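A.B. asks: Sharing a structure with you now.
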Amino acid sequence: ARVDSLTQRVDSLTVQMEVLTSRVDSLAEAQRRTEETVRRLLIDVGELKGDSLERKYREKAAVYFGRLLRKASMLPFEELRDMVDRGVDEGRLTEEEAEDVMECDLVVRGLSKDGRGMEEYLLVEVSWGIGVTDVERALRRAEVLGKLGLEVVPVVAGRGIASEARDLAVERGVVVVIDGKIWFRP
């Protein structure tokens, strides 16, 4: 009778253990789904923050970049499109270069403050956290736009900058704007 009782208890514990294992497996799967959802939300929030910051720089281009240029104003993308298309038609730019420039965050046009009063353009890449790729992209796109015979200054703008990006910007003469204030100007 004791052996039968112990056997029943072991069987009961085995069933309970299987139920607990199943519940733990369910919880682990729920945790995995939660982690995936949080990961996607973090990406979405990052994109929203970046989009919001870009919009802020576009809307206040005259304010933020008026410290670099007189009569600063954002160049409408339609005008930029016309300029790069003309550059392609004239053989100054390749189609790939034109499309790369068109993916910039904004271009600001104004007059230089160095006393010459020459028309200048700022090619601006905006990123919440400025990294090396942002600096490289600003340099590359400014160089391409310069092939049209324009005075173009590469600019990166954001809420903060990584030390490697800061060093590259200083080394290569890229203007750095943090929170709407000029942090570095060559």
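A.B. asks: Counting alpha carbon pairs within less than 8 Å and at least 6 residues apart, what relative contact order, in whole percent, applies to the chain?
C.D. replies: It rounds to 15 percent for the chain.
A.B. asks: A further question follows. Can you give the angle from 0 to 90° between the axis of helix 132-146 and the longest principal axis of the chain, with both taken from C-alpha atoms, to the nearest 10?
C.D. replies: Approximately 30 degrees, to the nearest 10.
A.B. asks: Determine the share of the range 1-139's accessible area contributed by carbon and sulfur atoms, expressed in whole percent, with a 1.4 angstrom probe.
C.D. replies: Carbon plus sulfur share of accessible area: 53 percent.
A.B. asks: Using per-residue counts of other Cβ atoms within 10 Å, averaged over each peptide, order 72-81, 139-148, 170-179 from highest down. Write down the numbers at each step before the final one.
C.D. replies: Details: 72-81: 14.7, 139-148: 19.1, 170-179: 16.9.
So the peptides 72-81, 139-148, 170-179, ranked by packing, come out 139-148, 170-179, 72-81.
A.B. asks: At 0.36 nm per residue, and after removing the present C-alpha to C-alpha distance, how many nm does the segment from SER12 to LEU42 gain when stretched out fully?
C.D. replies: Going from the current span to full extension adds 6.3 nm.
A.B. asks: Sticking with this structure for a sec: Between [x] 17.4, 55; [y] 28.0, 107; [z] 27.1, 105, which entry matches Rg and Dmax of the Cα atoms in Å as derived from the coordinates of this structure?
C.D. replies: Recomputing Rg and Dmax of the Cα atoms in Å here gives the entry labelled [y].
A.B. asks: Let me ask you something else. Using only Cα atoms, find the angle between the long axis of helix 2-59 and the longest principal axis of the chain, and express it within 0 to 90 degrees, rounded to the nearest 10.
C.D. replies: 10 degrees
A.B. asks: Taking 25 Å as R0, compute the FRET efficiency from the Cβ-Cβ separation of VAL170 and SER73 and round it to 0.05.
C.D. replies: Calculated value: 0.35.
A.B. asks: Further, regarding this structure: Past 24 Å, Cα to Cα: identify those pairs from LYS49/LYS147; LYS56/LYS147; LYS49/LYS113; LYS49/LYS181, in the order given.
C.D. replies: Among LYS49/LYS147; LYS56/LYS147; LYS49/LYS113; LYS49/LYS181, the Cα-Cα distance tops 24 Å for LYS49/LYS147; LYS56/LYS147; LYS49/LYS113.
A.B. asks: Which far-off residues, 5 or more places away or on another chain, put their amide H under 5 Å from the one on ALA157, with H placed in the peptide plane?
C.D. replies: Those qualifying (amide H under 5 Å, at least 5 residues apart or on another chain) are GLU125, VAL126, SER127, VAL177.
A.B. asks: Taking 25 Å as R0, compute the FRET efficiency from the Cβ-Cβ separation of THR34 and TRP128 and round it to 0.05.
C.D. replies: 0.50
A.B. asks: At 1.4 Å probe size, with every protein chain present, just tell me what the per residue accessible area of the chain comes to in Å².
C.D. replies: Each residue of the chain exposes 61 Å² on average to a 1.4 Å probe.
A.B. asks: Using the Cα gyration tensor of the range 62-159, with a ≥ b ≥ c the square roots of its eigenvalues, what is the shape: rounded (a/c below 1.5), prolate (a/b larger than b/c) or oblate (neither)?
C.D. replies: On the way: a/c = 1.85, a/b = 1.15, b/c = 1.61.
Because a/c hits 1.5 or more and a/b fails to exceed b/c, the range 62-159 counts as oblate.
A.B. asks: Highest mean first, how do 116-128, 16-28 rank when packing is the count of other Cβ atoms within 10 Å averaged over residues?
C.D. replies: Going from most to least packed, we get 116-128, 16-28.
A.B. asks: So, in Å, what gap is there between the alpha-carbon centers of the range 7-41 and the range 136-162?
C.D. replies: 53 Å
The values are calculated or read from the model by the stated rules, or taken from the named source; none is laboratory data. Just so we're clear, the structure is a prediction, and the values are computed from it rather than from any experiment. So basically every Cβ, Gly included, is an ideal-geometry build from the backbone, and we count neighbours across all protein chains shown. Only protein heavy atoms, including side chains, enter the accessible area calculation; ligands, DNA and RNA are left aside. Shrake-Rupley method; radii C 1.70, N 1.55, O 1.52, S 1.80 Å.
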